[in-house]
Amino acid sequence: MKKQSKKVGIPFSMALTMLFSLMFAACSDTHTPSTPNESKTGDIVLEFDNVAGVDELTLGKEYTNAANEKFTPTMLKYYITNISLKTTTGTIYTVPKSSSYFLVDEEVKASQKIMIGNVPEGDYTHVSFTIGVDSLSSTLPIENRTGALDMGGLGKTMFWDWISGYIFFKMEGESQAITEVDKNFRFHIGGYRKEPFNNVKTNTISLGSTPATVREAIKPEVHIIADIMKVFSGAKSISLAVNASYMFSPNSVDIANNYVNMFSFDHVHNDKHH
Amino acid sequence: MNLQVICNLLRNYIPIVLCSILLLSCGNDDNPQTVTEDIVKFSVPSNFPAPLYNLSRNPVTPDGFILGRTLFYDGILSRDGSISCGTCHQQFAAFAHSGHDLSHGIDDQLTLRNTPPVQNLAWQKEFFWDGGVTDLDLFPINPIQAHNEMDEKLPNVLEKLRRSSKYPALFKKAFGSDTIDTGRFLKAIAQFQLMCISSNSKFDKYERGEISLSQEEMQGKSVFDSKCASCHKGTFFTDLSYRNNGLSVKNAADSGRSRVTLNKQDSYTFKVPSLRNITSTDPYMHDGRIVTLEKVLDHYEKGVVDSPTLDPLLKNGPERGIKLSSEEKRLIIVFLKTLSDETFLKNKLLSEQ
């Protein structure tokens, strides 16, 4: 996986660029890619960078939420599904549903980089995704619940077995602001049915003027920031002192309405394949 | 196909009288079951509607069924190996838990509710007293992971099966390769449960026109039809709805269907249970509070407690409950006894081997 370009010093990257120019005469500059050829495909990476305000998120570290309560997150997981990409010209590429289920887990570094292959070449400016598991996917036959949806595998902690539904978003931690004896907070948000509530949310992230230029030889890496502070503020301000447990209850909608807006575009690397 | 195989085949579809004649020539019914397993096949009894379970996705095969049965009776599904599905679901009780109001799971912890029978589940879409589970395939995850039942984790169960000496071969027989994954594991257990079909009670044979009921049984049926069948409806004796039949609230924490719908109108409503094999599934009600059928009828006659969600069918002006004379109660019980299916309760195919 290409990662060095961010970290290595200028001379080395210059050397790399020179090396590339020799190796790929046709598309030597990552900033002026060839016109997309829609019959060709490439890969794209969506990297979810979990943060707490201006800080990188570190589980076990203390932060202060908008209600001025200190809290220590210990777990953060959420489903990203139904990904689609839109080009500058409005062409939409929808990732086949069955290969569009991902579980981002703060504890599993690799899970934060979602790799999508077979994307038609194009200059993509918008990324859409569902946070959660829609009703069709939530009622799949058991044999089709593989990968992130496998409750006996990757999805093992993300399923309510007493009400047959996935937990879309799970954040847990501890806070002394909690007035009860149990100082833990638990946000387990799910609910795909119409009743009693539906927390299937979608979001579209705009890349602004810096499209992700998917080419056979260019594999853009789109960095999306996911800010857990926004879980506590937004449509509704959340105070842990008032309520520290949001699970299968109507007020879970407040958390979902907040977290749908925790995602924002940060930057894109339009780097070549190695 | 030998004679015994044919005999067992016929046994499911023709009156017991005829079958017993055949059995005489089949020799000992106590013989091992291996012969019968070749004919494991899901068939819809002629007095049943079409199943709600999609069998084309998970057709029952002899080897899939055997794997499912082995899993159903194996403590390997629990954390310490002590509890199997069969611990709480006993065949002689139509796979309910005989004599237990609540059941004991691992470390002797009590379940929230009474263990219901496992029978005719292919004709249900929602499981549990509150209907929370909406796919039979997904069902086992709950008891496996419930801290007071088997207290295990599904991935661990799969890992234990992969490492075991017997399971890879059983999965290979059932599914063509020894891969053990969530889908195969759950489908096998579903296959066993799908085969828990009770369709050979006296009542079934009456419905199929194979026999007639006695005069008393018919009288009981007509009392039942007028007083009980609005909820305990049809061939399965349930309309599969959730209702409050006037039990007092004993455990406020168990609000029944409203745990799933979060709707106050569903507070303390529970699934109308089937009454098949009812003489074997005591004690009764979602918390097993009523011990005998006589007492159940006393409840309907004079024990019904009013509440905001009491079912309208149990309200009659200022009166609550169902008017029942002692003769009517006696006749209802006579009729309910025709719902017992000895063939099912003793079917060796479904027993722990």
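When you look at A:Arg193, is it within 14 Å of another protein chain (Cβ to nearest Cβ) and either in contact with a helix residue (DSSP H, G or I) (Cβ under 8 Å, 6 or more places away or on another chain) or not in a loop (DSSP other than H, G, I, E, B) (or both), yes or no? Taking the combined requirement at face value, the residue satisfies it.
The set of residues from segment B:277-330 being of a type in the set (Lys, Arg), in a helix (DSSP H, G or I) and open to solvent by 80 Å² or more (accessible area, probe 1.4 Å) comprises B:Lys295, B:Lys302, B:Arg330. Please tell me if B:Gly256 is under 25 Å from A:Thr139 (Cβ atoms), outside the structural domain of B:Val60 (by TED's automatic domain parsing) and either of a type outside the set (S, T, N, Q) or without any contact (Cβ under 8 Å) to a residue 24 or more places away in the chain (or both). It is true that B:Gly256 is under 25 Å from A:Thr139 (Cβ atoms), outside the structural domain of B:Val60 (by TED's automatic domain parsing) and either of a type outside the set (S, T, N, Q) or without any contact (Cβ under 8 Å) to a residue 24 or more places away in the chain (or both).
Scoring A:Asp134 on the criteria (1) within 14 Å of chain B (Cβ to nearest Cβ); (2) closer than 23 Å to A:Met171 by Cα; (3) not hydrophobic (A, V, I, L, M, F, W, C) leaves a single failure, condition (1). Counting only strands (runs of 3 or more DSSP E) that fall entirely inside segment A:24-134 and contain at least 3 residues that are free of Cβ contacts under 8 Å to residues at least 60 places away in the same chain and open to solvent by less than 60 Å² (accessible area, probe 1.4 Å), the qualifying elements are A:70-87, A:101-105. For segment B:178-201, a residue qualifies if it is open to solvent by 20 Å² or more (accessible area, probe 1.4 Å) and more than 14 Å from every other protein chain (Cβ to nearest Cβ), and the qualifying residues are B:Asp178, B:Met195, B:Ile197.
Residues that are among the polar types (S, T, N, Q) and in contact (Cβ under 8 Å) with a residue 40 or more places away in the chain within segment B:259-283 comprise B:Gln265, B:Ser267, B:Thr269, B:Ser274, B:Asn277, B:Thr279, B:Ser280, B:Thr281, listed in sequence order. Of the residues making up segment B:331-353, just one is charged (D, E, K, R) and either touching a strand residue (DSSP E or B) at 6+ places or on another chain (Cβ under 6 Å) or open to solvent by less than 20 Å² (accessible area, probe 1.4 Å) (or both), namely B:Asp341. For segment A:229-259, a tally of residues being open to solvent by 20 Å² or more (accessible area, probe 1.4 Å), touching a residue at least 12 places away in the same chain (Cβ under 8 Å) and either closer than 19 Å to A:Asp134 by Cα or under 14 Å from the mean Cα position of the chain (by Cα) (or both) returns 6. Can you tell me how many residues in segment B:318-334 are more than 18 Å from B:Leu247 (Cα to Cα) and either acidic (Asp, Glu) or touching an Asp or Glu at 6+ places or on another chain (Cβ under 6 Å) (or both)? So the answer is 3.
Against the criterion of being at pLDDT 95 or above, open to solvent by 20 Å² or more (accessible area, probe 1.4 Å) and either under 19 Å from the mean Cα position of the chain (by Cα) or outside the structural domain of B:Phe95 (by TED's automatic domain parsing) (or both), B:Thr269 does not qualify. Would it be correct to say that A:Ala256 is assigned to a helix (DSSP H, G or I), among the aliphatic types (A, V, I, L, M), farther than 18 Å from A:Leu57 by Cβ and more than 14 Å from chain B (Cβ to nearest Cβ)? For A:Ala256, the condition - assigned to a helix (DSSP H, G or I), among the aliphatic types (A, V, I, L, M), farther than 18 Å from A:Leu57 by Cβ and more than 14 Å from chain B (Cβ to nearest Cβ) - is met. Scanning segment A:86-107 for residues that are in contact with a strand residue (DSSP E or B) (Cβ under 7 Å, 6 or more places away or on another chain) and under 25 Å from A:Glu172 (Cα atoms) returns A:Tyr101, A:Phe102, A:Leu103, A:Val104, A:Asp105, A:Glu106. Yes or no: B:Ser226 at pLDDT 95 or above, surrounded by fewer than 20 Cβ atoms within 10 Å (Cβ to Cβ) and more than 14 Å from chain A (Cβ to nearest Cβ)? Judged against the criteria, B:Ser226 is a match. Only one entry of B:His286, B:His299 meets the criterion of being within 30 Å of B:Ser84 (Cα to Cα) and touching a residue at least 12 places away in the same chain (Cβ under 8 Å), and that entry is B:His286. Looking across segment A:145-160 at every residue that is touching a helix residue (DSSP H, G or I) at 6+ places or on another chain (Cβ under 6 Å) and more than 7 Å from chain B (Cβ to nearest Cβ), the one that is surrounded by the fewest Cβ atoms within 10 Å (Cβ to Cβ) is identified as A:Leu154. Any residue at all in segment B:121-129 that's within 13 Å of chain A (Cβ to nearest Cβ), modelled with pLDDT of 95 or more and surrounded by fewer than 18 Cβ atoms within 10 Å (Cβ to Cβ)? Looking through segment B:121-129, at least one residue is within 13 Å of chain A (Cβ to nearest Cβ), modelled with pLDDT of 95 or more and surrounded by fewer than 18 Cβ atoms within 10 Å (Cβ to Cβ). For the list (1) in contact (Cβ under 8 Å) with a residue 60 or more places away in the chain; (2) open to solvent by 60 Å² or more (accessible area, probe 1.4 Å), I need the number of the one condition that B:Gly209 fails. It is condition (1) that B:Gly209 fails. Return a yes/no flag: does segment B:70-89 have any residue that is within 21 Å of B:Arg276 (Cβ to Cβ) and out of contact with any Asp or Glu (no Cβ under 9 Å at 6 or more places or on another chain). There is at least one residue in segment B:70-89 that is within 21 Å of B:Arg276 (Cβ to Cβ) and out of contact with any Asp or Glu (no Cβ under 9 Å at 6 or more places or on another chain). The lone criterion from (1) more than 12 Å from chain A (Cβ to nearest Cβ); (2) crowded, with 18+ Cβ neighbours inside 10 Å left unmet by B:Asp137 is number (1).
If the condition is being at pLDDT 95 or above and over 27 Å from A:Ser99 (Cβ atoms), then segment A:27-53 contributes A:Val51, A:Ala52, A:Gly53.
Does B:Lys173 qualify as being touching a residue at least 24 places away in the same chain (Cβ under 8 Å), within 14 Å of chain A (Cβ to nearest Cβ) and surrounded by fewer than 19 Cβ atoms within 10 Å (Cβ to Cβ)? The answer is no for B:Lys173.
Against the list (1) more than 14 Å from chain A (Cβ to nearest Cβ); (2) of a type outside the set (Lys, Arg); (3) open to solvent by 10 Å² or more (accessible area, probe 1.4 Å), the condition B:Asp151 fails is (1). Just a yes or no: is a residue in segment B:87-99 open to solvent by 10 Å² or more (accessible area, probe 1.4 Å), under 28 Å from B:Asp239 (Cβ atoms) and within 14 Å of another protein chain (Cβ to nearest Cβ)? The answer is no; no qualifying residue exists. In this entry, A:Gly234 is excluded by the filter for residues that are within 24 Å of A:Thr94 (Cβ to Cβ) and at pLDDT below 95.
Identification of helices (runs of 4 or more DSSP H) wholly contained in segment B:140-237 with 1 or more residues that are farther than 19 Å from B:Ile278 by Cα and of a type in the set (Val, Ile, Thr) yields B:141-145, B:154-163, B:182-194. From the list A:Ile167, A:Ile163, the one residue that fits, being open to solvent by less than 30 Å² (accessible area, probe 1.4 Å), touching a Gly at 6+ places or on another chain (Cβ under 8 Å) and at the interface with chain B (Cβ under 9 Å from one of its Cβ atoms), is A:Ile163.
The values are calculated or read from the model by the stated rules, or taken from the named source; none is laboratory data. Given the structure is predicted, the values throughout are model-derived calculations rather than measurements. Positions of Cβ are backbone-derived with ideal geometry, glycine not excepted, and every protein chain shown enters the neighbour counts. SASA here: full protein model, heavy atoms, side chains in, ligands and nucleic acids out. Shrake-Rupley method; radii C 1.70, N 1.55, O 1.52, S 1.80 Å.
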